[in-house]
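Colleague: Could you have a look at this structure, given as structure tokens, before my questions?
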Amino acid sequence: MTHKEPGPLSEIDRLIHEPARLLIVAILSEVKEADYLYIQQETGLTKGNLSSHLDKLEKAGYIEIEKAFRGKIPLTILRIARRGSVAFKAYRNQMGALLNGR
Amino acid sequence: MGDMIAIQRDSAGRRAASYWFVDGLPEILFGVLHLALGSIGLAWGFDIKNPWLNVAMAAVFLPFLLLFWKDRVILDYFKARLTYPRTGYVRPPGEPEPVLAGRLVTLGTAPPVDWNVTSFRVRVAFFFFVASRVVNFATEILIVDGRWSVPIVMALVALGVYAGNRRDAHAYSWQSAAAIALAGLLSIGLELPPRSRQFLPLLIGGVWLLAHGVPTLVRYLRTYPAPKGAGA
């Protein structure tokens, strides 16, 4: 019996693959930076859920979180990290290969 | 409570670029200064002997130049107090290249996403200022009756505003652009001194920009009332 090599699905980055996190990473990959409120508005996630996903992405080194001020308004600024950028690019390639059979 | 994941039809970068205009502030700020400069210029053209007119002209022209130079910083100041606490802050990708030739090449074509935000001043607001100078040139140098140069120039401005932004994250409808041309046409009926006519494009531009910006701001403030507590 021949052993089949694992398909591209097994290589998919499951941290990014989760729909909410995918949306967060996809948004952050296209902007220089965004704050918590903007990401919440764009994703439609609740505060608790968004915080939990951001925490996971930050722990994986995919995003950077910075507390800053814009005028007198405190903002939680989010940016995609280099590692996150590379991971997202790889994810897109893998999904492309999987869905398009490339 | 379940989450609803938002479905985005436009790319995140394009949405971020169009977000810059969500509150109407860019149009309002440019509109107010165009209107003020146009109004003072109109009075100046009537040869009103008032020394304060020159002071007023300088007082408006300096912020006008400043807004063209530092629009992003100035708008950011207002947005930090009005928009970011309500719907958040986002910085679209990239900053525009400070190369005018490069900007002009993109007229009428789909600009890169990172040009959408600050190119507004060049591809919309600046047109009215240029139109004002063209009318002045036509009246003073070419001795063309300003009564006719204004409608022609405003028709070109309308075309430029429509074509230059039609694929932009903040496009204008052809009806909206046609209103610029129509305003130019209606100006034929105005009895004005030749020196005043050069300021008509600024007046028309100011009113047109405010007609876009003010309803957008009102709608935005109604949709997103002031938050009770700021920050995440």
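The values are calculated or read from the model by the stated rules, or taken from the named source; none is laboratory data. In this text, all values refer to a predicted model and were calculated from it rather than measured experimentally. In this analysis, Cβ positions are derived from the backbone assuming ideal geometry, glycine residues included, and neighbour counts consider all displayed protein chains. Heads up: the accessible areas ignore ligands, DNA and RNA and are worked out on the full protein's heavy atoms, side chains in. Shrake-Rupley method; radii C 1.70, N 1.55, O 1.52, S 1.80 Å.
Colleague: Mind checking which lysines have their C-alpha under 28 Å from residue A:67, skipping anything on the same chain fewer than 8 residues away?
Modeller: Counting by Cα, and skipping residues close in sequence, residue A:67 has these lysines nearby: A:32, A:47, A:56, A:59, A:89, B:70, B:79, B:228.
Colleague: Am I reading the A/B interface right? What is its buried accessible area, both sides, 1.4 Å probe, to the nearest 100 Å²?
Modeller: 2500 Å²
Colleague: While we're here: Return the distance in nm (one decimal) between the two label points of a simple spin-label model at residue B:130 and residue B:62, each offset 7 Å from Cα along Cα→Cβ.
Modeller: Here the answer is 2.8 nm between the modelled labels.
Colleague: Enter the mean number of other protein chain beta carbons within 10 Å of the beta carbon of each residue in A:23-32, as an integer.
Modeller: 6
Colleague: Could you work out the local net charge near residue B:42, counting Lys and Arg as +1, Asp and Glu as -1, over the other residues with Cβ closer than 10 Å to its Cβ?
Modeller: Residues close to residue B:42 contribute a combined charge of +2.
Colleague: Related question: Using packing as a proxy for protection, rank B:79-87, B:201-209 so that the peptide with the highest average count of other Cβ atoms within 10 Å comes first.
Modeller: Output ranking for B:79-87, B:201-209: B:201-209, B:79-87.
Colleague: Using r as the Cβ-Cβ distance of residue A:56 and residue B:211, and R0 as 41 Å, what FRET efficiency do you calculate, to the nearest 0.05?
Modeller: 0.30
Colleague: Still on this model: Across segment B:141-152, in residue order, what do the Karplus-derived ³J(HN,Hα) couplings come to in whole Hz, using 6.51 cos²θ - 1.76 cosθ + 1.60 with θ = phi - 60° and x for Gly and Pro?
Modeller: For segment B:141-152, the Karplus curve yields 9, 7, 6, 8, 4, x, 4, 9, 5, 4, x, 5 Hz.
Colleague: A further question follows. Pull up all non-local amide H partners of residue A:80: gap of 5 or more, or a different chain, and H-to-H distance under 5 Å with H placed in the peptide plane.
Modeller: A:64
Colleague: Rounded to whole Å and sorted largest first, list the principal axis extents of the Cα atoms in segment A:12-99.
Modeller: Per principal axis, max minus min of the Cα coordinates gives 47, 25, 20 Å.
Colleague: How much length is gained on full extension from residue B:52 to residue B:142, taking 0.36 nm per residue of separation minus their Cα-Cα distance?
Modeller: In short, 29.3 nm is gained.
Colleague: Using mean Cβ contacts within 10 Å as the protection proxy, how do B:44-57, A:86-99 order, highest first?
Modeller: In decreasing order of mean packing, B:44-57, A:86-99 become A:86-99, B:44-57.
Colleague: If you average the C-alpha positions of segment A:21-94 and of segment B:125-195 separately, how far apart do those two centres end up, in angstrom?
Modeller: One Cα centre to the other: 44 Å.
Colleague: Peptide B:79-86: average number of partner chain Cβ atoms within 10 Å per residue?
Modeller: Taking the mean over all residues of the peptide, I get 4.
Colleague: Could you give the length gained on full extension between residue B:182 and residue B:221, defined as 0.36 nm per residue of separation minus the Cα-Cα distance, in nm?
Modeller: 11.0 nm
Colleague: Hey, any idea what the orientation-averaged projected area of the convex hull of segment B:10-83's Cα atoms comes to, in nm²?
Modeller: 6.0 nm²
Colleague: Springs between alpha-carbon atoms under 10 Å, Gaussian network over chain A: tell me which of A:58, A:66, A:33 tops the mean-square fluctuations.
Modeller: A:66
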